[in-house]
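J.: The structure is given below, and queries will be raised subsequently.
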Amino acid sequence: MAAAARAKQCGAGRVILMDRDRELGGILNQCIHNGFGLQLLSQELTGPEYAEHFISEARDAGVETMLDTMVLEVTQSKQIVAVNRDEGLMRIDAKAIVLAMGARERNRGGVIIPGMRPAGVFTAGAAQRFVNMEGYMPGKRIVVLGSGDIGLIMARRLTWEGAKVEAVLEILPFPSGLTRNIVQCLNDQGIPLYLSHTVVDIHGEERVRGVTVARVDSNLRPIPGTEWDIECDTLLLSVGLIPENELTQDVGGELDHVTGGPVVTDEMETSTPGIFACGNVVHIHDLVDNVTREAWTAGEGAARLVAGQQPGGDTVRTRAGDGIRYVVPHVLHLDNLASRDVRLFMRATRPAERVQVEAVVGGEVVFSKFERVVRPAEMVMLTIPAGKVSPGKMGPGKAGPNRAGLNTVSPNCADGGPQPELVVRITPRDRDSAAEGGEKA
Ligand SMILES: Cc1cc2nc3c(=O)[nH]c(=O)nc-3n(C[C@H](O)[C@H](O)[C@H](O)COP(=O)(O)OP(=O)(O)OC[C@H]3O[C@@H](n4cnc5c(N)ncnc54)[C@H](O)[C@@H]3O)c2cc1C
């Protein structure tokens, strides 16, 4: 919605928003808890309220919507094949396409838990939809596997709705959800969190009767002799989201194997020219504000493409260095780096305190930022101010070609020279080097 509104506001001409659902808003509609929009709108909204803000914005901008419309295929030539009850099968030729299909939950098959297949095993998001939108309770005594945000929020919701949440189990030695959700959803409700624990068996034939849990070692393998049973009638799985990228794969663009989403430029353009992407389809977000930020960039990028005003010139790849699991976007235009602030999103590999997040080009730190705490569960953002990276810093003739060359090697590098890259890394803070909380160049 944010991408569509922004594209339209930036003069993209006719903008159509297609969704297979019967209403706009995506996952926000089932997130009736508050905590949305704190950064961008300076308000604490529920998911549907946050969605409403952008539904209005899209409508006011003149975006056309097609609901109950399933997109079946997107082609490299930017044709969309979609179907709905009114129009039947349709083909639409677009000048630019923004993919924003979100993510789906990893289910029991994704985590391989032995045992029978009784009723009562749900993903946390499915349970959320049952409780918040359909008015059904999934069970009365609940165990949650995984400390992702959806599981934490559902532990609290089910407690408020009268269920007993026996435990939340997390296989990693640290929580996967936001700190505020650990505090508000577990600590405040008196729900125990067991770190380095997993479910090793599910009991029951017709309906879940209980689970066996065990402590895991540093290789995440259950430690024999540490098992114990918890009686419950429901097991909720909150074990991760997977970007919904079947359409992206059809287009044939380059994928990032860490995020599971497409490789994108700082315009949020995929490696297929004219096809953009934003939100959970690119990488899994914990804050909707960042989804919206990315969507604005994608909308602006699509409008620029339609107007024939895309940045030209050379590009540089980003790379995750020490302490970083991945960085998005993957490709930066030197023109953009020179003329505007460029935002990078990344995740830390492990929790750390008092660190510098550094952007490094050719061994030189071009920009860095102090972070008091970084955690894998919380997205880190680094905004490189305009002009910090100039073609000169890349060395003569080192930068790669324009967007169309995302998958190719620069002519300048074809002789085996190094591909230019901007490495982002986390280093322990040198206490004496800069004022606490400041950013240094
Ligand atoms: C349960 C949960 C709780 C969260 N809680 C918070 C919170 O408290 N605070 C916060 O800031 N953030 C929260 N987030 C994060 C944030 O809300 C989401 O990351 C964000 O809303 C995702 O937006 P999206 O547009 O990428 O995807 P989605 O909202 O999933 O939207 C994708 C849309 O694409 C449509 N679609 C997919 N495939 C097709 C197709 N082939 N054809 C047509 N349509 C298709 C779907 O119907 C859907 O409407 C939460 C996320 C979840 C999942």
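J.: For the chain, take the longest principal axis of its alpha carbons; what is the angle in degrees between that and the long axis of helix 47-61, to the nearest 10 within 0 to 90?
T.: It works out to around 30 degrees.
J.: Ok, one more. Roughly speaking, what is the centre-to-centre gap between segment 66-102 and segment 334-348 when only Cα atoms are used, to the nearest Å?
T.: Taking the Cα centre of segment 334-348 as reference, the centre of segment 66-102 is 30 Å away.
J.: In debye, nearest 20: dipole of segment 291-339 around its Cα centre with unit charges on the Cβ of K, R (+) and D, E (-)?
T.: 140
J.: Now for a different question. Got a number for carbon plus sulfur as a percent of the chain's accessible area, 1.4 Å probe?
T.: 48
J.: Distance from the Cα centre of segment 231-259 to that of segment 122-172, in angstrom?
T.: Cα centroid to Cα centroid, the span is 19 Å.
J.: Specify which residue in the list Pro222, Ala298, Val144 is farthest towards the positive end of the charge dipole of the chain, using unit charges on the beta carbon of Lys, Arg (+1) and Asp, Glu (-1), about the Cα centre.
T.: Looking along the dipole axis, the top candidate is Pro222.
J.: So, one more: Just to confirm the number: angle between the C-alpha axis of helix 149-160 and the first principal axis of the chain, 0 to 90 degrees, nearest 10?
T.: Long axis of 149-160 versus the principal axis of the chain: about 40 degrees.
J.: Please give the FRET efficiency for Ser42 paired with Arg340, using the beta carbon to beta carbon distance and R0 = 22 Å, rounded to the nearest 0.05.
T.: 0.40
J.: Net charge around Pro351, counting only other residues with Cβ within less than 14 Å of its Cβ (Lys, Arg = +1; Asp, Glu = -1)?
T.: Counting the neighbours of Pro351, the net charge comes to +2.
J.: Would the chain count as rounded, prolate or oblate if I go by the C-alpha gyration tensor, calling it rounded below 1.5 in a/c and otherwise prolate when a/b exceeds b/c, oblate otherwise?
T.: Oblate shape, in that a/c is at least 1.5 and b/c is the bigger or equal ratio.
J.: Would you work out the charge dipole size for segment 107-239 about its Cα centre, treating the Cβ of every Lys and Arg as +1 and the Cβ of every Asp and Glu as -1, and quote it to the nearest 20 debye?
T.: Taking the Cα centre of segment 107-239 as origin, the dipole is about 220 debye.
J.: Any idea of Cys278's accessible area? Nearest 10 Å², probe 1.4 Å.
T.: Approximately 10 Å² of Cys278 is accessible to the 1.4 Å probe.
J.: Next up: What is the dipole size for the chain, taken about its Cα centre, with +1 at each Lys and Arg Cβ and -1 at each Asp and Glu Cβ, in debye to the nearest 20?
T.: 480
J.: Does segment 112-192 come out rounded, prolate or oblate by the C-alpha gyration tensor, with a ≥ b ≥ c the root eigenvalues, rounded set by a/c under 1.5 and, if not, prolate when a/b is larger than b/c and oblate if not?
T.: oblate
J.: What whole-number value in Å² describes the accessible area per residue of segment 107-239 for a 1.4 Å probe?
T.: That works out to 47 Å² per residue.
J.: Okay, moving on. Count charges around Ala377 for me, please; just the other residues with Cβ under 12 Å from its Cβ, Lys/Arg as +1, Asp/Glu as -1.
T.: Charge balance in the 12 Å sphere: +1.
J.: Determine the sum of side-chain charges near His203: Lys and Arg each +1, Asp and Glu each -1, restricted to other residues whose C-beta is under 14 angstrom from that of His203.
T.: Net charge around His203: -4.
J.: Quick check on segment 38-180: take the gyration tensor over C-alpha atoms, sort the square-rooted eigenvalues as a ≥ b ≥ c, and tell me if it's rounded (a/c under 1.5), prolate or oblate.
T.: Taking the square roots of the gyration eigenvalues as a ≥ b ≥ c, segment 38-180 is prolate.
J.: Something else: Between Arg104, Arg221, Arg85, where does the largest GNM mean-square fluctuation fall for the chain, given springs only between Cα atoms within less than 10 Å?
T.: Arg85
J.: Which loop-located GluC sites (Glu not before Pro) does segment 249-283 contain, where loop means any DSSP state but H, G, I, E or B and the Cβ has at most 16 other Cβ atoms within 10 Å?
T.: Those that pass, being in a loop and sparsely packed, are Glu254.
The values are calculated or read from the model by the stated rules, or taken from the named source; none is laboratory data. Since this is a predicted model, take the numbers as computed values, not measurements. Glycine gets a Cβ as well: all are built from the backbone with ideal geometry, and neighbour counts include every protein chain shown. Areas reflect the complete protein model, heavy atoms only, side chains present, ligands, DNA and RNA absent. Shrake-Rupley method; radii C 1.70, N 1.55, O 1.52, S 1.80 Å.
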